[in-house]
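Below is one structure, written out as structure tokens; comments come after it.
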Amino acid sequence: MAVNVPGLVVVVIFYVGVLAIGIWASRKSKKAEKSCAGTKSEVTIVGGRNISVLVGVFTTTATWVGGGYILGTAEVVYSPKQGLIWAIAPPAFFINLVVGGMFFAKPMRSKRYLTMLDPFQHRYGNMFTAALLLPALVSDILWVSCILAALGGTMSVILGLSSFISIFISAGISILYTFLGGLYSVAYTDVIQLFFMFFSLFLCIPFLALSPAVTGVSPAAHLNQSNANAWLGKLELADAGKWIDEMMLLSLGTLAYQALYQRILSAASSAQAQITCFAAAVAVFIMGIPSVVIGAVAATADWNQTAYGLPAPFERGEAGKILPLALQYLTPTWLSVLGIGSVAAAVMSSMDSALLSSASMFTQNIYKSTLRKQASERELQWVIRICVLLVGLAGMGLAFSGESVFALWLLSTELLYCIILPEFICVLFFSCANSYGAICGYVVGLLLRLLSGESMLGIPPVLLFPGWREEDGVITQHFPYRTLAMLCSLVCILTVSKMMDVGFRQHLIPQSWDLLGVFKQKMEAEEEEEERVYMTQLLS
């Protein structure tokens, strides 16, 4: 396929513009370091806590509206085996941000944390915090690989560039401006990227609807075709468990995502953090509309009337590329170029957040707190930069796996949902949770998830839940096994914590068995307090 030179020029101009804004924001970051009361690393991680509400809404929206969101939603709506009913991302992310604003923003921002691992470190110590970083790090790498894979596929369709070149250049630019400016560069580049996404994606809708190859996307028009209800989809009772599981996964899983709290903690106050979440929830839902329309149009299109021809994309195994294919063959050339720009913007706006997310947690909660407690601010900034580079390179390596964008997207959230979310809920809202319960909950959540199997990683299921099926030699679970793992972990944390608390306080368990020192210090402090109160009463 020949390279689309005019399209390539437009994309290069867009990339240069984004990089220029990132460099400008990095200079703004350096000025903030001089004027901000906080440390340099605080400016890098949470922007000195002075990111405005408007910029906060833009950067939160742009982070959630990534390549997985845009391409994954279109892929699901287009796929005959799924359809609109399975396009759960827009409502799920709406719920996610509303719940985050209602219940999580205030307790996190009011305590002036720097990362979402801070409350774990304060209650459980450094070792368990390091264990929690592992699933968070893997999730970020999978997120990066997902969105880079989305971009590589899009550019190969529209511009004729190889996936390797597309992924390498886009990742390099995201790494560079995140490397230079931290959250300031991420936030301000997100603003321009979101504007570009909104303009180009919504501009595509009327051109797609007027394409000669499209007969109409209304349900009534579609019912008369041989592939009736293909884009609407239907939910069988046997698939209800899987649908509920995926909805819960995307609705609640990213409540344990550092990128969300990076935005919440960068706000000037708890109220501003909540407003940011609520406004972004609406914006994210609206940004899902073009992907739904593109998927529906592609499902109703007569591909034989286009240069693409037959068989259709689904029969060729190219459902994951349906958005760029629709833009390439159902819209004018200049508009398809704008479309590739929107995907590139979506990818970079999410990738930079994932890069900074892992780098922030490792630097603040592992390197500074455990490995190098006396590290200088300059040293910490270089650790953040090196982490950004390493996570970016790891994500690039996985981006060539060729898996479904939607599947990679779900997998990136599973570790957050099954392992970190129950821990996060307990450490924020249940004072009874302790290290023993947290460790047991971690093991239970991880074990149940691994025993349920994962076809993408070649892990066969050991536990077969009701409703499982075997298709083409691959076993799929239709029971909400992810949600079961999350709930079992949550119950385990609270139950074990309470049992250990009662056991040590009632002397049912010898004090010498308190290997983690959870109750020894606590009970000594309580005894000292009781003695102090007693002496005060005697003296009075």
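Worth pointing out:
- Close contacts from the range 454-472, counting a first residue that is in the same structural domain as ALA240 (by TED's automatic domain parsing) and surrounded by 14 or more Cβ atoms within 10 Å (Cβ to Cβ) and a second that is of a type in the set (Ser, Thr, Tyr) and in a loop (DSSP other than H, G, I, E, B), with Cβ to Cβ under 9 Å and a gap of 6+ residues or different chains, come to none at all.
- Screening TRP382 on (1) of a type outside the set (S, T, N, Q); (2) over 16 Å from ILE493 (Cβ atoms); (3) in the same structural domain as TRP513 (by TED's automatic domain parsing) shows it passes everything except condition (3).
- When the range 286-302 is filtered for residues that are out of contact with any Ser or Thr (no Cβ under 8 Å at 6 or more places or on another chain) and buried (at least 21 other Cβ atoms within 10 Å of the Cβ), the ones remaining, listed by number, are PRO290, VAL293, ILE294, ALA296, ALA298, ALA299.
- Meets criteria (in the same structural domain as LEU411 (by TED's automatic domain parsing) and at pLDDT below 90) for VAL76: no
- Exclusive hit being in the same structural domain as LEU389 (by TED's automatic domain parsing) and either surrounded by fewer than 24 Cβ atoms within 10 Å (Cβ to Cβ) or over 27 Å from MET396 (Cβ atoms) (or both), set SER162, SER170: SER162
- Residues of the range 345-385 that are among the aromatic types (Phe, Trp, Tyr), surrounded by fewer than 22 Cβ atoms within 10 Å (Cβ to Cβ) and either touching a helix residue (DSSP H, G or I) at 6+ places or on another chain (Cβ under 6 Å) or not in a helix (DSSP H, G or I) (or both): TYR367 alone.
- Count of the range 126-159 residues, restricted to those that are under 27 Å from GLY339 (Cα atoms), hydroxyl-bearing (Ser, Thr, Tyr) and buried (at least 24 other Cβ atoms within 10 Å of the Cβ), is 2.
- VAL46 closer than 22 Å to LYS373 by Cβ, of a type in the set (A, V, I, L, M, F, W, C) and at pLDDT 75 or above: yes
- Cβ-Cβ contacts under 7 Å between residues 6 or more apart (or on different chains), taken from a first residue in the range 64-90 that is at negative phi to a second residue that is surrounded by fewer than 24 Cβ atoms within 10 Å (Cβ to Cβ) and of a type in the set (Lys, Arg), are listed as ILE85/LYS234.
- Considering residues of the range 56-73 that are small (Gly, Ala, Ser) and either assigned to a helix (DSSP H, G or I) or over 15 Å from the mean Cα position of the chain (by Cα) (or both) only, the residue modelled with the lowest pLDDT: GLY67
- Some residue of the range 97-109 being buried (at least 21 other Cβ atoms within 10 Å of the Cβ), among the basic types (Lys, Arg) and modelled with pLDDT of 90 or more: yes
The values are calculated or read from the model by the stated rules, or taken from the named source; none is laboratory data. Nothing here was measured: the structure is a model prediction, and the numbers come from that model. All Cβ positions, glycine included, derive from the backbone under ideal geometry; neighbour counts span all protein chains shown.
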